[in-house]
Structures are given as C-alpha cells and as structure tokens.
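*Asks:* The structure is given below, and queries will be raised subsequently.
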Amino acid sequence: MSRFWKPGAEKPRLLEDEEGGVLFFSASPLSSSSSGYGRTNIEMLRQRLPVYKYRTAILYLVETHATTIIVGETGSGKTTQIPQFLKEAGWADEGRVIACTQPRRLAVQSVASRVAEEMDVKLGEEVGYTIRFEDITNNDLTRIKFLTDGVLLREMMDDPLLSKYSVIMVDEAHERSLSTDILLGLLKKVPILLDNALNTIVYLTLCLTMLSTQIQRRRPDLRLIISSATIEARSMADFFVSRTRRSQGPEKEENIPVTEPAILSVEGRGFNVEIFYVEEPVSDYLQKAVSTVLSIHDQEPGGDILVFLTGQDDIDAAVQLLTEESQHGRQKGLMVLPLYSGLSRADQELVFSPTPRGKRKVVISTNIAETSLTLEGIVYVVDSGFSKQRFYNPISDIENLVIVPISKASARQRAGRAGRIRPGKCYRLYTEEYFLKEMSAVGIPEIQRSNLVSAVIQLKALGIDNVLGFDWPASPSSEAMIRALEVLYSLGVLDDDAKLTSPEGFQVAEIPLDPMISKMILASNQLGCSEEVITIAAFLSIQSIWYTAKGAEKELDETKLRFAAAEGDHVTFLNVYKGFLQSNKSSKWCHNNFINYHAMKKALEVREQLRRTAQRLGIALKSCDDDMQVVRKAVTAGFFANACRLEAYSHNGMYKTVRTSQEVYIHPSSVLFRVNPKWVVYNSLVSTDRQYMRNVISIDPSWLREAAPHFYQYQQPNPLAR
DNA sequence: GAGCACTGC
C-alpha cells in the first residue's frame, strides 16, 4: 500500500493520541547493532547515530503524513541522515528533489559536503547546495539539495508551489529567522483558528501543513518535515485538542496523507550538563563572570571554559582582567581568548587551535558561539544571562542595539555547549527563581524587532496585496508596517493603491538589497553611472571594510585620508575600490591600508551579482568616469528620506533631519566629520549618547525635490525654504 | 572625537 515506505520487516510502534489525530512515536530502539560485515566504515558510523534507529519510523510518518515534526537536540544526526533515508526510500526518484533548508550559509556548505562524502558522490552532482553567490547543483543530477531559507524564499518568487521538490525539510526551525517567518506567513493562506497564543512550532507546522494541503490537489506527494530543537508540550497539547475536535478524523484514502502533523522525538548525543545558579542576583555580571572562571580553574578538573557576555567592550574588559590574573596572580595556566564577529579571521581561528598541554582555554564570546560557531572541548559554560539584540523603533525610524535578558531556550542552548565531549557544567549568573519565574520561554522573533521595508516588498512581489491584514506567525506592530509602506510609497515602488509600480517596483523587488539601495541603482541607469553606483551599493551592503585597529586608531585615520573624497564616504569607497584593483586585489595592500581583505572580497562578489541582476533588468552598465555629481544625484534618489541640514549657528556640527527635525551628528568615522557640509544624506543612523549618521555624502538641496517631489511636497511642507 | 549581537538574498 505504501509506495515509498519499505520496511524490512516490522512496522514501527506508534502511539496514537487519544483522539486519533496525532501520532507520537515511542523511542523503542530497533536493532541498531547489527553486524557490520561488508559495510564501509561510513555506513557503520551512520548506524551509530541516534537518528538511525528511527529510520523506519521517520519514513513511515513521512509517507503517511503531510507534515512531520522532528524534535531533536543537536548531534542526533537528523540533518545529514534524514535526506539520505528519504532518497533511499525513493523520494528522489523520477527527477524529484529533496530539499533541506538551513538558516546559515556555512551550515549549508558543511552539511552538503558531509552528505556527499557519506554517499560517496561528487558534491554538486547527486548532492548539491545553493547559497547566495554559489549554486553547486546540477539540474539533471541533483537529488538532495541543501539551501538557506533565504534562497528558498527567492525560489518561491519564481515557483510558488515549489514544484520540483518532493520533500522540504526545514531545519533549525526554532531559530525563527526573519526569512523563516516570512516564509511561514506566506504559506498560511487559509484562515484558521489561531486565537490562542500558540507555540511557534505548532504554528509553523500548521502553516506548512496548509501549504501541503493546498498543493496536494495537484501533487499528493509533497511532504514537509520540520526539525526543531525545542517544543513546548502544553500549548502543543492545547492546540491539538482544539484541532481534533473540529476535524472529521484522519483521511483514510490511499495515498492521501493525513493533515494532522506527526511528531517524533529523537534524542541527541549530547552529555548531561549540570546546572548551577547563583544564590543572590548579581549586580555586575562582568565581575562575576571573571570570578566564576577563576574558581572553576581553581577547583574543577581540566576542560575548556566558554563564557557568554554581550559585546566587544565587555569581552575585551573580561579578557584583560583574566589575562592579568593569569600572568600576575596565583592563577597560572589560563589561555584567554576573545570571540566576536568583528575580529579578524586569524584571531577568530585562534579559538579553534588545540589547547596547549597543561593549559586551560577560556573563550569569552558573544552570541556567535550560541549557534553560529561550535567549539569542541568545552566542558564548562558561564552564562551571563544577557545578549545584545537589535530593536527597531518605527516612530523614530531608528534601529538600536540593546542589552536584554536571554530566553529559556537560549539558556538551554548555551548550557548544551558544555556537553559535547563529556558531561559538563553550566554556571548561570542568575538565580534559579529568576530562570523559572521571570525568564521568557522564547525570545522576541526578529520580525517584531526589525525594519520591515524588505519584508513588505518581498510580500508584494509574491502577490500579497493586503500586507496590513497579513497573518504573521508573530505580528509586527502596525506602526512598523505603516512606516514600511510609507517608505516604499515615497520611493515610488508602491502606487496609490499600494501595489507594486511597473516596472520600477518589480525591479526593486528583484534586486536582493535594501529597497533604498536598489532605488539608487535604478536611478543610476538614467544618470549614466551604474558601474560606480553598483560599486557603492556593494560597499554599503557589507559590514565595515576598515579594520577596527585597537590602539592604532590614529594610524587608521591617517591611512583613511589617502582615500578620502570631499564629496563623502560613498565616493571614498570608489577610491578604495580603485586602489584595490590597482594593487591586483592584493591582501598585503589591504593590510597596509587597514582594510579588511575578506570584506573587500565579499564586496567584489556582491558587485558581480548586482551587475548580473542589473543586466537582467535592462540596466545599462555604464561608467561616468570622474563625474561625481551624477553619482551623488543617484544616491540622493535612493536616500532622500535621510536628508539632513546643518543647523545655521551650530558650532558643534549639529544637523537636523528634514523629515522629523531630529538632532543628528556626522559620525567621527566619516570622512566628512568636522567638514560639515550644509546638506547631506546618510545611509544609516547609529544611536549612542547621540544619533550619529554613518556613511554620509554631501548633496545639493535642489536634488531632493527633483528626486522625490511627492515626498517633499506632502510630508514636510516647504522644508527647503528656510 | 567615537563604537559596531547575529544572520541572509
């Protein structure tokens, strides 16, 4: 009766929910220690993974259910094994493809090459991957494809039914990235009882179930697998009770999968981690983190320590305190290393080097070690209980970085980092009572903390007209939504009916950048400076190209002057780009000029992708040579909403924004700092004790009305007449 | 005269 499930002998043992809708599989180990004769080492290793003993159950559930949720800790092998199980069972026959999404590029690459190795095939043939800038797949050959969720979202723009896939596995679903939430909202088309606050994964499941239900009329073979590290039992149960009451019972027709999701729990391979809490709340977590590390070093047997703090300043301070203690105090044998994304590649790699004999490694890290990087050899974790998060204020239109308490889910993830090689210990710098009673279960999803301009334009491009009524997994504020619509309207991307304009709106949606940058590129077409503006767009879309040279700030500033342009930072980028090309893209040249070589390489990659996109959109690639006026006009066409005027009698360089009359200042890292031209537009604001404009270019105010007559006519009557 | 959690197309 089943087409794909090929059970060798026994049917998996399943426990049915009382009301018959949901299947829970009880983890009864099947024989996994069968003889390894005749098998390769790789196959034996595969069989030792915890997920292997669920193979039959997983295939059975996927065969009979539109959606299967797999809850499992890291180390269970689900990411590498499940796609292979599916392929072995025939889900990739007849030219169909099994897809598996990941939130991060690095994970996509490493998982894909691991699976290719296990299957003994060449990466890019039977097993391939797609991330931005890299499509290592072959249309005729690739049967298992790994990709970032952002890439899947882009693919949906061309193929909303995702018709080439037989199974889509969404991995790491608990992370709730912006892309995941957009994807989920898109998939949820049928209004359904979602009145009570639901667990994320249940919601996610529901959305994907509905997607498959919709598509199943045409393609009854599409299956969805959601894999997540966390699930909350109570809201899950509540949800399914209300679902089963209303449903008519599972469908019994052959080959039609039941729509209620199946849930399977797979144990991980991590070791136990013992948790310790402080008895009294601590007032200074930095100091407490340092003293906790010292007492671990003093009292506990060997094993490396990972400390979670919030940001670069805290981390550098902690590193210094511990290093001093290690060199001058009684604490010998500590090797203290910082870890955050702003470090150079070489410094980041230090934390992966083996710990020297007789030493104990202490890594002081931001959240980067919570999910993005995995350190081996960690036995002790010290968790400050805080992290930095981005918050967007739609009223002021400013994004801020704020130190906030972490969620229980994060706390568990951090603790788990201690149990990878043997049983570990986690020291939480907060009380148990706080953890139990006050800490929220999960963090605030990214969609509720972000500027929505990009999200809204993606929805519009996918034909969702009513974005205000759009049903998100977690709704963003209406202020944020309205702000995004206003910005897109002022850019000429949306018309009076809030529909994408043609061709401009569709073109902006096609370019994978912030819409203001995309608009700037479109404007460069008429102005004849697309080559220069595309270069600027690439530089604006990566993090700083300058090295943060601690202790050498003065040298950095002096070096920058070699490239500084009177027009501003955007033109300065063009000078850096020229210099880099003249050096034959030399890493040494970068080093001598305080420029981050890897950032430069990335900028060049983005630039190449943008040139291809521009050509596809019919933008002529043209250089304006040395005419920087047209370049500045193009920047103004995208960023007119960020126009600022120097206050007439300001002695300290105070500007006011044209739109809201907010006080802003040019950031000291800008080449226009202390130059203070009368009119400028900025790329972004950073908010500390003051609002600082980053990446600033001087403009002529008459260009503003030229670029956005509507904006300056209606939003701010006569702003230029002062 | 000063500061940047982390992803992604």
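*Asks:* Roll a 1.4 Å probe over the protein heavy atoms and report the accessible area of A:ILE444 in Å², nearest 10.
*Replies:* 80 Å²
*Asks:* Residues with beta-carbon under 9 Å from that of A:PHE271, excluding A:PHE271: net charge, scoring Lys, Arg +1 and Asp, Glu -1?
*Replies:* Within the 9 Å Cβ shell, the charges total +3.
*Asks:* May I ask you to derive the relative contact order of region A:273-400, considering only C-alpha pairs under 8 Å and at least 6 residues apart, and to give it as an integer percent?
*Replies:* Once divided by the residue count of region A:273-400, the mean separation gives 34 percent.
*Asks:* Could you sort the peptides A:433-440, A:67-74, A:391-398 by per-residue average Cβ neighbour count (10 Å cutoff), highest mean leading?
*Replies:* Final packing ranking: A:67-74, A:391-398, A:433-440.
*Asks:* Next question, about the same structure. Counting Lys and Arg as +1 and Asp and Glu as -1, what is the net charge of the other residues whose Cβ lies under 11 Å from the Cβ of A:ASP171?
*Replies:* -1
*Asks:* A further question follows. Which whole-number percent is the relative contact order of region A:92-188 (Cα, under 8 Å, 6+ apart)? Please list the in-between numbers first.
*Replies:* Working: 150 pairs, mean separation 34.8, N = 97.
It rounds to 36 percent for region A:92-188.
*Asks:* Ordering A:SER661, A:SER450 by how much accessible area each has at a 1.4 Å probe, largest first, what is the list?
*Replies:* A:SER661, A:SER450
*Asks:* Next question. Given a cut-off of under 8 Å on Cα pairs at least six residues apart, what relative contact order in percent is computed for region A:351-416? Walk me through the numbers before you get to the answer.
*Replies:* On the way: 48 pairs, mean separation 17.9, N = 66.
Once normalised by length, the contact order is 27 percent.
*Asks:* Here's something else I'd like to know. Which entries in A:LYS578/A:LYS622; A:LYS578/A:LYS602; A:LYS332/A:LYS359; A:LYS519/A:LYS678; A:LYS460/A:LYS622; A:LYS122/A:LYS145 show an alpha-carbon gap greater than 18 Å?
*Replies:* Over 18 Å apart, Cα to Cα: A:LYS519/A:LYS678; A:LYS460/A:LYS622.
*Asks:* Please give the peptides A:109-120, A:617-628 ranked by average Cβ packing (other Cβ atoms within 10 Å per residue), highest first, as a rough proxy for protection.
*Replies:* A:109-120, A:617-628
*Asks:* Order of A:349-359, A:155-165 by packing, highest average Cβ count within 10 Å first?
*Replies:* Values: A:349-359: 11.8, A:155-165: 14.4.
Top of the packing list down: A:155-165, A:349-359.
*Asks:* Show which aspartates and glutamates lie in cross-link reach of A:LYS633 when reach means a straight Cα distance below 13 angstrom and same-chain residues fewer than eight apart are skipped.
*Replies:* A:LYS633 reaches A:GLU532, A:GLU567, A:ASP700, A:GLU706.
*Asks:* Roll a 1.4 Å probe over the protein heavy atoms and report the accessible area of A:ARG105 in Å², nearest 10.
*Replies:* For A:ARG105, the solvent-accessible surface is approximately 90 Å².
*Asks:* May I pose another question? Taking K and R as +1 and D and E as -1, what net charge do the other residues with C-beta under 10 Å from the C-beta of A:THR535 add up to?
*Replies:* Value of the local net charge: +1.
*Asks:* Ok, one more. How would A:LYS53, A:LYS499, A:LYS678, A:LYS361 rank on accessible area, largest to smallest, probe 1.4 Å?
*Replies:* Final ranking, largest accessible area leading: A:LYS678, A:LYS499, A:LYS53, A:LYS361.
*Asks:* If you don't mind, there's one more thing I want to ask. By accessible area of protein heavy atoms, probe 1.4 Å, what ranking do A:SER341, A:SER295 get, highest first?
*Replies:* Working: A:SER341 75, A:SER295 45 Å².
Highest to lowest solvent-accessible surface, that is A:SER341, A:SER295.
*Asks:* Simple spin-label model, 7 Å along Cα-to-Cβ: A:ALA346 to A:LEU401 in nm?
*Replies:* 2.4 nm
*Asks:* Taking the alpha-carbon distance from A:LYS560 and a cut-off under 15 Å, which aspartates and glutamates remain once sequence neighbours fewer than 8 residues away in the same chain are dropped?
*Replies:* A:ASP569
*Asks:* Between A:ASP496 and A:SER650, what is the spin-label point distance in nm, taking each point 7 Å from the Cα along the Cα→C-beta axis?
*Replies:* 3.7 nm
*Asks:* If you take every DSSP beta bridge fully contained in region A:273-444, what fraction is antiparallel? Give it as a percent rounded to 5.
*Replies:* Counting DSSP beta bridges with both partners in region A:273-444, the antiparallel share is about 25 percent.
*Asks:* For A:LYS288, list the aspartates and glutamates whose Cα falls under 13 Å from its own Cα; do not include residues on the same chain fewer than 8 positions away.
*Replies:* A:GLU279, A:GLU280, A:ASP314, A:ASP383
The values are calculated or read from the model by the stated rules, or taken from the named source; none is laboratory data. Bear in mind the structure is a predicted one, so any value in this text is a computation, not a measurement. Positions of Cβ are generated from backbone atoms using ideal geometry, with glycine treated the same way; all protein chains shown enter the neighbour counts. SASA here: full protein model, heavy atoms, side chains in, ligands and nucleic acids out. Shrake-Rupley method; radii C 1.70, N 1.55, O 1.52, S 1.80 Å.
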